[in-house]
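The values are calculated or read from the model by the stated rules, or taken from the named source; none is laboratory data. Keep in mind it's a predicted model, so treat the numbers as computed, not measured. We place every Cβ from the backbone using ideal geometry, glycine too, and count neighbours over all the protein chains shown. We work out accessible area using only protein heavy atoms, side chains counted, and drop any ligands, DNA or RNA first. Shrake-Rupley method; radii C 1.70, N 1.55, O 1.52, S 1.80 Å.
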Amino acid sequence: MFGLYIHIPFCLKKCAYCDFNSITPQAGEVDRYLSALEKEIKGIPGLAGRDLATLYIGGGTPTLLSGEQFARLFACLRATFVFTGGMEITVEANPGTIDRAKAEELRHLGVNRISLGVQSLQDRFLARLGRIHSAADALTAMEILRNTGFDNLGADLIYGLPGQTVQDWQGDLAQLLEFRPEHLSLYALSIEAGTPFAQKEQDGRLSLPTEEEGIEMFRRAGAMTWESGYEHYEISNYALPGHDSCHNTRYWMMEEYYGAGAGAHSFLRRQLPVRFHNDPAPSDYTRKVERGESPVVERELLSRETFLSEAMMLGLRRRGGVKMEEFQKAYDVDPRKHFAGGLARAFREKWIEEVDGALRLTPEGVLFSNEVFVDLF
Ligand code: SF4
C-alpha cells in the first residue's frame, strides 16, 4: 500500500504571500498537463495495480479543474490502482472555485475529504493576501460542502497577517470553530523570498505582528481548539477525534508515497530508502513526459543515518512523539542513546520531554521545533 499525491500547479491568480509551485495557466495548458499527468501515472514503475492507502490531490488549486477534467483524472487513477475500501480521498479546494455542481461531482467520484483554504474570515485580510475569495465565499463553500454530504472537512487558517491583532485572530478562529470542521491546519504566515510580501517587507511596507504576538496567537489557538474538543496532533494540525489526516500521517510515519505531477515529491522504501522529485516547472514537466523522458530531476538515496534522523524529526512533529520501544523495534536503535548528542540542547532548554516511554516536544518545544530538528542532523 502507498499514498498517492497528485499536484495540480494552477491557480486563477497568484496570492501575494505564495511561493508554492503554482502558475496561472494559458489556454489549453491544463488539458495538456492532465494528459502528461495521466501518462506519468500509468507509467509509474512498479506501482500500477497496487493498493492505494490514501489519495491526496493538492496544488495550486485543484478545484480549478472542471467536473469533466476531474472525471478524466479519476478514470485514469481507478484504471491504474486499486482503491481500497474506505480509503481517504482528499481534494484541496479554494472557496472561490466551489459551487454545488463541483461539490456533487467530487462526491460522485468518491472524494470523501475536502481541505478548504479559508486563510481568514475577514475580507480586509483576504484582500491583503491577494486571495480570490471573500469571507462570505468561504462560509458558503463550507455550507455547500456540508449539504453535499461531506462529513470530513478540513480548513486552513493563517495567523500573523499584516496588521492582524491577537483579537482579530481569535475572532477568525472562533467563527471557524462554530462551523466545526473536522480538521484544522493553522499556519503562521511566513515571508518567502521572491513573493510580493517579501518585497514589501524589504521596503518596510509590511507591518507584521511582533514575535510575542505571534506566540500569543499560537497559544490562543491551542487553548481555543482544546476547549472545542480538538486534538493538537501535529505542530500545525488539529483534529476532532478520529479525524487526523491519514495522508499526511503517512509522511510523518515514514511510510511510502508517490507524488505525480510538476514538482511532486516521492518517498519509497526500496532496498535503500529513496526520495525524488519531479521538475517543478509545469511546462518543462509536461514536455518531458510527452517526449517519454523521466520528469524526475533529483533523487537521493538516504543513508541509514539520514533516514534515522528524518524518522526522529517527523516523529517529533506529532503530538504523541516518538515511542521509543516502537522506534527500537522498527529500526534496531535506541533513540534516546542514538540521539543523545542531538537532543542534549532540547532537554536542557526543556523543549523535549520523556512521557510514558515516548519522546515528545513540550508546548514550549513546539515553538522552537526548528531548533530541535536542526540538532538531529
Ligand atoms: S491559492 Fe494557494 S497555491 Fe494558489 S496562489 Fe494562492 S496560496 Fe498559492
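General observations
- Dipole magnitude of region 2-250, debye to nearest 20 (Cβ charges: Lys/Arg +1, Asp/Glu -1, about Cα centre): 720 debye
- Principal semi-axes in Å for the chain [√(5λ), Cα gyration tensor, largest first]: 31, 29, 21
- Overall Cα dimensions of region 3-159 - principal axes, largest extent first, Å: 49, 34, 27
- Cβ-based net charge around ARG180, under 12 Å, with every Lys or Arg adding one and every Asp or Glu removing one: -2
- Isolated cysteines in the chain, defined as those with no second cysteine Cβ under 4.7 Å, comprise CYS11, CYS76, CYS246.
- Modelled label positions at GLU192 and SER283, each set 7 Å beyond Cα in the direction of Cβ, lie 2.0 nm from each other.
- Total lysine pairs whose alpha carbons fall under 19 Å of each other in the chain (8 or more apart, or interchain): 8
- Probe 1.4 Å, protein heavy atoms only - accessible area per residue of region 1-137 in square angstrom: 38 Å²
- Local net charge near GLU293, Cβ-Cβ under 13 Å (Lys/Arg +1, Asp/Glu -1): 0
- Positive-pole candidate from ILE23, PRO295, ALA93, dipole of the chain, charges at beta carbon: PRO295
- The chain: antiparallel DSSP beta bridges as a percent of all, rounded to 5: 40 percent
- Shape call, region 304-374: gyration tensor on alpha carbons, a/c limit 1.5: prolate
- Rounded percent of accessible protein surface that carbon and sulfur make up, the chain, 1.4 Å probe: 50 percent
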